[in-house]
1. When the residues of the range 1-21 are filtered to those that are surrounded by fewer than 16 Cβ atoms within 10 Å (Cβ to Cβ) and of a type in the set (S, T, N, Q), which remaining residue is nearest to P131 (Cα to Cα)?
2. Of the residues that make up the range 53-68, is at least one of a type in the set (A, V, I, L, M, F, W, C) and on the phi > 0 side of the Ramachandran plot?
3. Among the residues of the range 88-100, how many are exposed (fewer than 12 other Cβ atoms within 10 Å of the Cβ) and touching a helix residue (DSSP H, G or I) at 6+ places or on another chain (Cβ under 8 Å)?
4. State whether the residues of the range 107-129 include one that is part of a loop (DSSP other than H, G, I, E, B) and in contact (Cβ under 8 Å) with a residue 40 or more places away in the chain.
5. Taking the condition within 23 Å of G8 (Cα to Cα), modelled with pLDDT of 95 or more and among the charged types (D, E, K, R), does R79 pass?
6. For the range 13-69, name all the residues that are hydroxyl-bearing (S, T, Y), within 17 Å of the chain's Cα centre (by Cα) and within 14 Å of A103 (Cα to Cα).
7. Any idea how many residues of the range 71-106 are touching a residue at least 12 places away in the same chain (Cβ under 8 Å) and more than 20 Å from L34 (Cβ to Cβ)?
8. Show me the helices (runs of 4 or more DSSP H) found entirely inside the range 1-104 where at least 1 residues are hydroxyl-bearing (S, T, Y) and in contact with a Cys (Cβ under 7 Å, 6 or more places away or on another chain).
Amino acid sequence: MVGMTRQGFRRLIVLQWLLVLASCFVTFATVPYLPPELRGYWESQVNAEMTTGDWVLFGVSMLVLVASIIIYVGLYLFRPWSKSLLLPINVVGLLLAPLYGPAVMTGWASTLSYFAALVGGGVLFLAYLSPVRQMFTGGSDA
């Protein structure tokens, strides 16, 4: 069995982000196909006035998003600092998730989101618990 290469790890990172983007796109594109009750709830949440807490959560979420993008670019380039920050940023995201409340999406969007999470788990595993972790110690970007 051949081990994971730098190129293979990079492809996994790109796959994860493509799945996240596809999940977001499909979530919004399939709102019209939700049952009327769920579509009504979704629309009421979209049209609701934002509270101070909502704005704080939005601001923190944007910071986490920007940090995640920077960290994943670092992972793609095999920078040691990115591996050190990968687990903490995932923990922060996990802790924020319950604060968003119910998530309404079609089965297609949910499936893409689930696959993105699975691939993200693979990236975490490879970065910390496989021979890929040793690729973050060298200075080469081959």
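1. T5
2. No - not one qualifying residue is present in the range 53-68.
3. Going through the range 88-100 one residue at a time, the tally reaches 1.
4. No; the residues of the range 107-129 include none that is part of a loop (DSSP other than H, G, I, E, B) and in contact (Cβ under 8 Å) with a residue 40 or more places away in the chain.
5. yes
6. To start, the set of residues in the range 13-69 that are hydroxyl-bearing (S, T, Y) comprises 23, 27, 30, 33, 41, 44, 51-52, 61, 68.
This time we only want the ones that are within 17 Å of the chain's Cα centre (by Cα), so: 23, 27, 61, 68.
If the condition is that a residue be hydroxyl-bearing (S, T, Y), within 17 Å of the chain's Cα centre (by Cα) and within 14 Å of A103 (Cα to Cα), then S23, T27 are the ones that fit.
7. 19
8. In the range 1-104, there are no helices (runs of 4 or more DSSP H) which contain 1 or more residues that are hydroxyl-bearing (S, T, Y) and in contact with a Cys (Cβ under 7 Å, 6 or more places away or on another chain).
The values are calculated or read from the model by the stated rules, or taken from the named source; none is laboratory data. Fair warning: this is a prediction, and the values are worked out from it, not measured in the lab. All Cβ positions, glycine included, derive from the backbone under ideal geometry; neighbour counts span all protein chains shown.
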